[in-house]
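For reference, the structure discussed in these notes is given below.
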Amino acid sequence: TVFENVQEGDQIIAFFPCTRFECKIPLWFRGQAQQQKSWSEEKKLMYAMELHQELSDFYKLFSELILVCKKRNIPLIIENPYTQPHYLTQFFPIKPKLIDFDRSERGDNMKKPTQYWFINREPSNNFIFEPQIINEQRTHDGISKNRKTVRSMIAPDYANRFIREFII
């Protein structure tokens, strides 16, 4: 496993998939998503059962990652969106140690709120002295992407500032 190569002094930063924890997933469970308008009740039920299994699988992986890191004393930081309602915010027993309500204040493309779990360590809370430059509608790697793709990414400026403020 990936954990066999983890050595003392290493830490893991995980950007866990949010697709089954985010706030719109209940609409899909109820068959009320826009894309499901023409679906039969049977199709909606079958899809909801598949979604529930995927949610369960992701929740188990999320929990197992934390359990392994806790057991092996590996520092771990997990990022996931902070939308409301959010499955992990409502039903996960460990609360995030940091919620960044406006990532654009640290150089991201989006205001998008994000939560972070710090396992086996605390956020550093360093003060960053330089002013933040806010760029609207940046691209990643020079390639223009649609809003949904850009929204799901973390801008390099944000990552750099986040690492210096909360990790180093």
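Miscellaneous remarks
- In order along the range 17-24, phi translates into HN-Hα couplings of x, 9, 4, 10, 9, 6, 5, 7 Hz, rounded to whole numbers, per the Karplus curve 6.51 cos²θ - 1.76 cosθ + 1.60 with θ = phi - 60° and x for Gly and Pro.
- Given charges at beta-carbon only (K, R positive; D, E negative), |dipole| of the chain in Debye: 460
- Extension gain, PHE91 to GLU105: 0.36 nm times the residue separation minus the Cα-Cα distance gives 2.2 nm.
- Shape class for the chain: oblate, because the ratio a/c of the largest to smallest gyration tensor axis (alpha-carbon atoms, square roots of eigenvalues) is 1.5 or more and b/c is at least a/b.
- For the chain, built as a Gaussian network whose Cα springs stay under 10 Å, the top-fluctuating residue of PHE21, PHE91, PHE58: PHE91
- Label positions at LYS37 and ALA159, each projected 7 Å from the Cα along the C-beta direction, are separated by 3.9 nm.
- For the chain, the share of accessible area belonging to carbon and sulfur comes to 55 percent (1.4 Å probe, ligands and nucleic acids excluded).
- Solvent exposure ordering (accessible area, 1.4 Å, most first) of HIS52, HIS86: HIS52, HIS86
- Rounded to 5, percent antiparallel among DSSP beta bridges of the chain: 70
- Note on the range 59-108: along the principal axes its Cα atoms extend 35, 23, 15 Å, ordered by decreasing extent.
- Ordered by 1.4 Å accessible area with all protein chains kept, TYR87, TYR116, TYR82 run largest first as TYR87, TYR82, TYR116.
- Per residue, in Å², the accessible surface of the chain once ligands and nucleic acids are set aside, probe 1.4 Å: 64
- Accessible surface ranking that places the most exposed of MET49, MET110 first, with a 1.4 angstrom probe: MET49, MET110
- Helix 41-72 vs. the chain, principal-axis angle (Cα, 0 to 90°, nearest 10): 30
The values are calculated or read from the model by the stated rules, or taken from the named source; none is laboratory data. These numbers were taken from a predicted model, which means no experiment stands behind them. Every residue, glycine as well, gets a Cβ built from its backbone with ideal geometry; the counts of neighbours run over all protein chains shown. Accessible surface is based on the protein model in full, side chains and every heavy atom, while ligands, DNA and RNA are left aside. Shrake-Rupley method; radii C 1.70, N 1.55, O 1.52, S 1.80 Å.
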